1. Please count how many residues of region 169-194 are over 21 Å from residue 207 (Cβ atoms) and either assigned to a strand (DSSP E or B) or modelled with pLDDT under 95 (or both).
2. Within region 140-161, which residues are part of a helix (DSSP H, G or I) and either surrounded by fewer than 15 Cβ atoms within 10 Å (Cβ to Cβ) or not assigned by TED's automatic domain parsing to the domain that holds residue 234 (or both)?
3. Please specify each residue of region 1-35 satisfying the condition of being modelled with pLDDT of 95 or more, assigned to a strand (DSSP E or B) and within 23 Å of the chain's Cα centre (by Cα).
4. Which count do you get for residues in region 50-66 that are in contact (Cβ under 8 Å) with a residue 40 or more places away in the chain and either surrounded by 17 or more Cβ atoms within 10 Å (Cβ to Cβ) or within 22 Å of residue 111 (Cβ to Cβ) (or both)?
5. If a residue has to be over 18 Å from the mean Cα position of the chain (by Cα) and outside any strand (DSSP E or B) to count, how many in region 108-139 make the cut?
6. Assess whether residue 40 counts as being surrounded by 15 or more Cβ atoms within 10 Å (Cβ to Cβ) and under 27 Å from residue 131 (Cα atoms).
7. Take residue 166 and decide whether it is over 23 Å from residue 39 (Cβ atoms), more than 18 Å from the chain's Cα centre (by Cα) and either part of a loop (DSSP other than H, G, I, E, B) or modelled with pLDDT of 95 or more (or both).
8. Restricting attention to region 102-116, does a residue exist that is within 30 Å of residue 81 (Cβ to Cβ) and buried (at least 20 other Cβ atoms within 10 Å of the Cβ)?
């Protein structure tokens, strides 16, 4: 289900809201030709963007890291408000994509004066009070063949698509990338494990590379109130497969619990740590923003 009027998707495209059929993207857009662009996905509860400042900061770093100019990350605030109002949405997921723009003829070296292509749309998503327990998921592990700048949220996601495709072909939900025996992140998520009362998640400054997930950051803020110890460090594939609990986080669902990694069953799914972390994260979001924790 998406933001629609009479069956027509409404989108933000290059400065205005329009029906998606009105938008025209040039075949010479560098996003289409090279995957030359960045993106963000922001979760809204009661029209409050979860970790909005973190999203703006991450987008600014992605734009700087790719050298894409002509768009200010702080414009996310205005665009989000316009899309939520246009779609009459309170609880939603908003996706942004900014490419370097159109360059004719095709050239690997970008023209520095290009105007970026800016696209965004909103889709309805469950309210905070509806996320009562972690969903239960299954994961495979996949060799990480991606580039080493996963802190840049770029739109070149072929390796992620191949990973999630392999998972779905094997009737699993998610693919967790592994490099040199160490866990990175999921194709669409960040990874946490609980071992003997300690919550562990891979670091952002060592191999394998991972995205600086917003929900990951928020969960690390509340975790000390739930578990005895929190460790941000390299996580081996053996620890992943033999953990007491495995969890994956994302902006849309916040936190899911994993019951199966490859052929290894995880007994606690959802386990007590996952249940407590989700509950604490919901309270944190409700206390720090004007978000209803319970249905009215």
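1. So the first thing to find is which residues in region 169-194 are over 21 Å from residue 207 (Cβ atoms), and the list is 169-173, 194.
Then drop every residue that is not either assigned to a strand (DSSP E or B) or modelled with pLDDT under 95 (or both), which leaves 194.
The qualifying residues number 1.
2. Passing the criteria: 158, 161.
3. 10, 11, 12, 13
4. Step one: filter region 50-66 for residues in contact (Cβ under 8 Å) with a residue 40 or more places away in the chain, giving 50-51, 54-55, 58-59, 61-62, 65-66.
Then keep just the ones that are either surrounded by 17 or more Cβ atoms within 10 Å (Cβ to Cβ) or within 22 Å of residue 111 (Cβ to Cβ) (or both); that gives 50-51, 54-55, 58-59, 62, 65-66.
Residues flagged as in contact (Cβ under 8 Å) with a residue 40 or more places away in the chain and either surrounded by 17 or more Cβ atoms within 10 Å (Cβ to Cβ) or within 22 Å of residue 111 (Cβ to Cβ) (or both) within region 50-66 amount to 9.
5. Total meeting the criteria: 13.
6. Taking the combined requirement at face value, the residue satisfies it.
7. no
8. yes
The values are calculated or read from the model by the stated rules, or taken from the named source; none is laboratory data. These numbers come from a predicted model, not from an experiment. Backbone-built Cβ (ideal geometry, glycine too); neighbour counts: all protein chains shown.
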